[in-house]
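Each value in this text was obtained by applying a stated rule to the coordinates, not by laboratory testing. Here the structure is a predicted model, which is why all the values come from computation and not from measurement. Using ideal geometry, Cβ is built from the backbone for each residue, glycine included, and neighbour counts are taken over all protein chains shown.
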């Protein structure tokens, strides 16, 4: 964690370091189990044998947020669930990323009413939005690969 | 966004035993996010060591306000929201809503549409039971069965995608029939599916049925008998596992179910193991129904001709004035069934799924109430878990087969 | 359909002052509020309607008074029949006796009706909110409660809604 304070901007050494760390982070990103509604079934289908997610490193879902670094919010977030979501997000250690899967997590979806939070980005900061109701497993995989590319481009000064 | 509001013990005092107030027993929160709760269900367990004395379920974490939202949309637009209630059984939700609308409006449904509805409803039942078997086995730590059942479920989802373009939330069943006819590839694919699935079901039952760990974790756990089931209004596989042979498909046949020959599986003991066996038998009976329905599939239209409720085909619009007017009225204002209230019930994979629909003569439904099986079946949780270990609670939730989208609406 | 319900309702009509209607082959009995528990008990013990399948409410504001109608559906498994009961309630402080002593599963149904409509059931052992958060104010399914939707963000009003939308910073 203190490496960027000691190494600073030393040119070639730090860019290679960024690449190595980016490589390590993306290839074993473990999501926290957070399937809420219908999108959870497509997430489970994406992890099953037909559209295998473990080839991207997401072999298992950790139940405990303290042992994971990715939160895939799959499903609609109701007003009662929103503080719980924020609580879980706060418990995840840095670095952490959030994918809002499906229309309900991205913008409230077809439920524009009193009970559903209109987009999970009102509660937690989101990195990738995956559209669809529910998105196909291939759509979720495309979202995950886009997240991997985003992570690989993160610079040293952005850490900590 | 409010912070998490802590519920203090005195507020729940009327539900707990007196030992909780003195601190003798422990209150454990099995929170909304947990690997084994099939959705966002929160259980407050009062524990004496490892034994559960009391269990207070807390639902509402997936409340979507569907009933209120449907009151502000026309009948056809409101149907899109019904798919997403019980998301493992989307065609069943559509079907019960359309049955209520058809009963209210006295719409006819052509025979080909009835048979196709039965085929799709039974395929959805098989898919839902496959998900249930996979996730229940996952809860009881038999993890590989999950991958096998998901593979079979993909075949069913391919068939839905062939018909309607969407894998899960198809909105394929519409008032008056179906949205459109099934493509030619559907029949071929269905034949292949029916050839393969019986062998696989036998495989899955062998996988778990004789495993001593599975038998230990499920026999004698969460027992409920027939009298108590009727008192609590339980329906579906839980009632059938307690020995009562009651199935809405036989009692109030809808959509032509009385033409097919199938059995109602019942088992006497009423525990978790018998519910597993009931559901496996139900998959076999569903395959039997689909086979019979497929052999008796008649030719003909798939949607009613009643132009007051069903939009005309595009080819007619260019030639007929009435078709144009009907098209305009249906798509802008929506159809208006007569004033009154109806109650339509079907058998979903979880139990009795019914709709109470009330109309005031306008284009929007005045009140839609979904009587969902998960909401009612979840009430017996405190009753079933008394005296069991914490590890059994997980198996019991799995055997009730709760889908929280169904319970919270 | 034949008059299967006549033997049941003829007996009760004078004693409990109920009103019978048939629509689309479904029988609806309108029961005054003070007699509802007795009617349900009679149906359960004498006529074998042992399953309560549905308990809900409808709000007729502002068209009709009394404003609320509470609807019950009872099922007889041996004879395969369903009866629908309706009770009408006034809008100011609506209150009804609970059915929990007769049918234990009325507990959660009544909690839901309290939560979404504000109809109190006296005698229910657990009158708390069930689907809304504990500290929610208001009863959502009433007709005077707004739907609570937010304005859709198109390209012509993108900027003004962007300013008002609460994004989480970190």
Could you give the alpha-carbon Rg of region B:298-349 over 2.2 N^0.38 Å, rounded to two decimals? 1.50
Give the Kirkwood hydrodynamic radius (Å, one decimal) of region B:88-156, defined as one over the mean of 1/r across all pairs of different Cα atoms. 13.6
Any idea how far apart residue B:258 and residue B:320 come out in nm if each label point goes 7 Å out from Cα toward Cβ? 3.2
Enclosed volume per residue, in Å³, of the convex hull spanned by Cα atoms of region B:144-287: 146
What translational diffusion coefficient, in µm²/s and rounded to a whole number, does the Stokes-Einstein relation yield for region A:29-152 at 25 °C and a viscosity of 0.890 mPa s, taking the hydrodynamic radius as the Kirkwood radius over Cα pairs? 173
Defining a contact as two alpha carbons under 8 Å apart and six or more residues distant in sequence, what relative contact order in percent does region C:6-142 show? 19
Kindly work out what percent of the DSSP beta bridges joining two residues of chain A are antiparallel, to the nearest 5. 10
Give the relative contact order (percent, whole number) for region A:51-125; include only Cα pairs under 8 Å separated by 6+ residues. 32
Here the Cα Rg-to-2.2 N^0.38 Å ratio for the protein assembly as shown is 0.98
Assuming R0 = 22 Å, what is the FRET efficiency of residue A:66 and residue A:17, from their Cβ-Cβ distance, to the nearest 0.05? 0.25
Just from its helices, what would the mean residue ellipticity at 222 nm be for chain B, if runs of 4 or more DSSP H residues each count -39500 (n - 2.57) and the sum is divided by every residue, rounded to the nearest 500 deg cm²/dmol? -14500 deg cm²/dmol
Under a Gaussian network model of chain A whose springs join Cα atoms within less than 10 Å, the largest fluctuation of A:20, A:130, A:117 belongs to A:20
Based on other C-beta atoms within 10 Å, arrange B:26, B:70 from fewest to most. B:26, B:70
Can you sort B:399, B:286 by how many other beta carbons sit within 10 Å, fewest first? B:286, B:399
Take chain C, connect every pair of alpha-carbon atoms lying under 10 Å apart with a spring to form a Gaussian network, then pick out the residue of C:64, C:34, C:110 with the largest mean-square fluctuation. C:64
In a Gaussian network model of chain B with springs linking alpha carbons closer than 10 Å, the residue among B:319, B:385, B:88 that fluctuates most is B:319
For region B:250-409, treating each Cα as an identical point scatterer without solvent, what Debye log10 I(q)/I(0) comes out at q = 0.15 1/Å? -1.05
Rounded to the nearest 500, what is the 222 nm mean residue ellipticity of chain C from helices alone, with -39500 (n - 2.57) per DSSP H run of 4+ residues and division by all residues? -7000 deg cm²/dmol
How would you rank C:151, B:231, going from fewest to most other Cβ atoms within 10 Å of each one's own Cβ? C:151, B:231
Mind pulling the angle between the C-alpha long axis of helix C:6-16 and the longest principal axis of chain C? Nearest 10 degrees, somewhere in 0 to 90. 80
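Return the tail of the calculated pair distribution for region C:50-138, meaning the percent of Cα-Cα pairs more than 17 Å apart. Intermediate results must be reported in sequence, preceding the final value.
Numbers: 1986 of 3916 pairs.
Value for region C:50-138: 51 percent of Cα pairs lie more than 17 Å apart.
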Residue C:34 versus residue B:306, label points 7 Å from Cα toward the beta carbon: distance in nm? 4.3
Per residue of chain A, what 222 nm ellipticity follows from adding -39500 (n - 2.57) for every DSSP H run with n ≥ 4, rounded to the nearest 500? -11500 deg cm²/dmol
Percent antiparallel among DSSP beta bridges confined to the protein assembly as shown, nearest 5, equals 75
With angles folded into 0 to 90 degrees, how steeply does helix C:36-45 sit against the dominant principal axis of chain C? Use alpha carbons for both and round to 10. 60
Which whole-number percent gives the relative contact order of chain B, counting Cα pairs below 8 Å spaced six or more residues apart? 25
When all C-alpha to C-alpha distances in chain B are sorted into bins of 20 Å, what percent of pairs does each bin hold, rounded to whole numbers? 25, 54, 19, 2, 0
